[in-house]
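Data block below; observations after.
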Amino acid sequence: MSAARARLEVVREPDQPADDWAADIPTSPWQPAHQLIGALMWLPAPAARPILDMVPDDAIARPLTRWTLEVIRTVVHAGDDPTPPVVLAAAKHQPARDALRADQPPTGQQLRRIALYLYDAYSQTVCPEAAAATYAREVLDHAYRRAFAACGIRMQQLGECGAADRAELTTQFGRIRDELADLWRRCETAAKPGWDRP
């Protein structure tokens, strides 16, 4: 990493809270989600579309990475290739779905973060065209494991809180089962060769 790039990561905007330390932690370049984002930006829109149809936004845990996937999805659905300049231009008008102010355009600080992230993801991706489907499969596998753990915690909390009767607990269990079943089906499909071919 160059000295100039390292300095960019620790420079704070005047409106950035001092305790916003997590925003400056770089993503590991070997994480499947990071590799998937980078690979998508190397693909033309027709090749990226099946991968985006398979991987839901919620399969990505890190907020910045998830926002980037949301923007790439918008770009591809508009028929454009998701190159970094095109994705950055689209991000200027598309805040993250779970942003605190989702009705307002992203701030300069948020755009700076996504610009740096786009550069990192695009330049650090290994075998982007050949391995995009593999990265998608790994992202889905990680998402299933995270969802399984989160759903277990949710079931435990529902059972212990005493606020829900048996019927409500059963309804919640059905929703949890459906959520996990959807991710399971996506994982199974992504494990089959050639699923990503347009």
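Computed quantities for the displayed model
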quantity	calculated
Globularity ratio of region 133-190, using Cα Rg and 2.2 N^0.38 Å	1.33
Gaussian network model of the chain, Cα within-10 Å springs - most flexible of 59, 164, 132	164
Residue exposure sequence - 98, 196, 103 - by fewest surrounding Cβ within 10 Å	103, 98, 196
Cα-based Kirkwood hydrodynamic radius, the chain, one decimal, Å	18.3 Å
Electrostatic dipole magnitude of the chain [Cβ: Lys, Arg +1; Asp, Glu -1; Cα centre; debye, to 20]	260 debye
Chymotrypsin sites (Phe, Trp or Tyr not before Pro) lying in DSSP loop within region 27-93, provided at most 14 other Cβ fall within 10 Å	30
Packing-based exposure ordering (other Cβ within 10 Å, fewest first) of 83, 65	83, 65
Dipole-positive endmost among 76, 41, 118 within region 30-130 (Cβ charges, Cα centre)	118
The chain, helix-only ellipticity at 222 nm - DSSP H runs n ≥ 4, -39,500 (n - 2.57), divided by all residues, nearest 500	-21500 deg cm²/dmol
Tail fraction, Cα-Cα pairs, region 98-198, threshold 17 Å, whole percent	70 percent
Integer Hz, Karplus 6.51/-1.76/1.60 couplings in order for region 60-74, x for Gly and Pro	9, 7, 6, x, 5, 5, 5, 4, 4, 5, 4, 5, 4, 4, 4
Between region 133-167 and region 80-131, the alpha-carbon center distance in angstrom	28 Å
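Rule-based calculations on the coordinates, nothing more; no lab input. Just so we're clear, the structure is a prediction, and the values are computed from it rather than from any experiment. Cβ sites come from the backbone with ideal geometry, for glycine too, and all protein chains shown count toward neighbours.
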